[in-house]
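The values are calculated or read from the model by the stated rules, or taken from the named source; none is laboratory data. Computed from a predicted structure; not experimentally measured. Counting neighbours? That spans all protein chains shown, and the Cβs are built from the backbone with ideal geometry, glycine included.
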Amino acid sequence: MYKRKIEDTLILWKNKKNHKPLVIKGCRQCGKTSSVLDFARSNYPNVIYLDFHEHKDYKAFFAGALDVDTLTLAISAGIRGARFVPGKTCLVLDEIQDCPNARASLKFFKLDGRYDVICTGSLLGVNGYKTKEEQEEEDKASVPVGFEQVVTMYPMDFEEWLWANGIGAQHIDYLRDCLHNETPVGEGIHQRLRDLLLRYVVVGGMPEAVSTFLETNNMNDVLDVQRGIIETYKADMLKYARQEDKPRIRECFDSIPAQLAKENKKFQYSVIRKGARSSQYAGSLQWIEDAGIIHRCHNTTITELPLDGNADPDVFKVYMTDIGLLVCMLEEGTVWSILQGDLRGYKGAIYENLAADILGKMGRKLYYYQKEGGLELDFLIRYKGECCPLECKARSGNAKSMQTVLKHPEHYHVLHALKVGDYNVGRSGPLLTLPFYMAFLLTEV
């Protein structure tokens, strides 16, 4: 087990008085189950684990009355060794979206208060295929609004990747000091982190891919893991989506590399298939987003806060949630080029998706700015109380659009900007340049 940030969330949750049942949602294979079980087994004498994906028969425990005494009697009778001891038992409900009644029962567990409950869900919220019986079950069940705490978990982020590679708290604190004081990072750690960044781009943050790389140092083995994860996603599309949506969801997903390879990376339905329209594919793209596989990055009408209020819902780019899975989908030889330090491929798409990976896993919503005439800013973020452009450029990138924006604060209302790429910390007037590996430190809002 590698250290994950969700551990701190779980500890805070357990220590909070009168806490609600916890629901952790996120894409498949991002580490939800292993993190929850490791935490539960370290903090409770009794752990009862129900996986509704692997054991459909467990749904029968929740088919009748949902009061806690009835449920604990049924589960303890059906699961050998299951013991419910007040204050000392954690019930783990895995893939809870496969059992709507189990989620409805969280209200009763919260009101009862004797046992802690942690749930995980990979496809919570997706609009998918259901049998007649499953649809009837879902219609009867109700989401326990107000009786559960929902947390989103992502694949390992760049900081967790650094931890897994032996970069400790003292190194992270040193980077924070360099950011705060705007001083260059020492050459030794600078080169080490540059190398780790390149490796992160090709490995990404899926725990199995990370462990495979660190154990074997073999990228072919990592690519096999990543391809397996992508095939799992595609299998979910076939299994859980509505029949009429299945081919369109696959087409949307398969078009992502082509969408990002365009000079104008705005998502266009016509790239999926000639003549395709939003009315045909919007729901399919939403399915992929709800499954946690992609992030949308919306265009804003102006470069001002609030970003969400100024975003155009119909104009957006699409990035993979995990950079490693995107690179796996690109043409053969891309991994080698990246490890040699070349991140410029696909018209900057790798650079941009890396930034989307880092920002998205921080929980930030993604925005960019583009207007007719060619002016475009890669990302806009809220930073230190301001609307701040964030550009992702190689060392040779001149960021003309950013210079234009900074020269005309009376029009764009932008006073400061950030640029990340393959260089060290430095400032030129209102522009602060940072090495890409420090982007995860831009947490101040």
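Numerical summary
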read-out	value
Test: residue in the range 270-279 that is farther than 23 Å from Val201 by Cβ, buried (at least 20 other Cβ atoms within 10 Å of the Cβ) and either polar (S, T, N, Q) or touching a strand residue (DSSP E or B) at 6+ places or on another chain (Cβ under 9 Å) (or both)	no
Residues (surrounded by fewer than 23 Cβ atoms within 10 Å (Cβ to Cβ) and either modelled with pLDDT under 90 or among the aromatic types (Phe, Trp, Tyr) (or both)) located in the range 314-342	Phe316, Glu332, Trp336, Gly341, Asp342
Residue among Ala417, Ala394, Ala399 that is at pLDDT 95 or above and either surrounded by 19 or more Cβ atoms within 10 Å (Cβ to Cβ) or in contact with a Gly (Cβ under 9 Å, 6 or more places away or on another chain) (or both)	Ala417
Condition check for Val203: β-branched (Val, Ile, Thr), assigned by TED's automatic domain parsing to the domain that holds Ser337 and out of contact with any Pro (no Cβ under 8 Å at 6 or more places or on another chain)	yes
Helices (runs of 4 or more DSSP H) wholly inside the range 245-293 containing at least 2 residues that are farther than 23 Å from Cys328 by Cβ and assigned by TED's automatic domain parsing to the domain that holds Leu377	269-272, 278-290
Residues within the range 86-102 that are under 19 Å from Asn46 (Cβ atoms) and either in a loop (DSSP other than H, G, I, E, B) or out of contact with any Cys (no Cβ under 8 Å at 6 or more places or on another chain) (or both), tallied	6
Only listed residue being crowded, with 21+ Cβ neighbours inside 10 Å and among the basic types (Lys, Arg), chosen from Arg114, Arg28, Arg80, Arg103	Arg103
Odd one out for Ala276 among (1) farther than 22 Å from Asn353 by Cα; (2) touching a His at 6+ places or on another chain (Cβ under 8 Å)	(2)
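Residue-wise test of (1) without any contact (Cβ under 8 Å) to a residue 40 or more places away in the chain; (2) surrounded by fewer than 19 Cβ atoms within 10 Å (Cβ to Cβ); (3) among the hydroxyl-bearing types (Ser, Thr, Tyr); (4) assigned by TED's automatic domain parsing to the domain that holds Ile167.
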residue	(1), (2), (3), (4)
Asp195	yes, yes, no, yes
Ala209	no, no, no, yes
Thr216	yes, yes, yes, yes
Asp221	yes, yes, no, yes
Asp224	yes, yes, no, yes
Gly228	yes, yes, no, yes
Thr232	no, yes, yes, yes
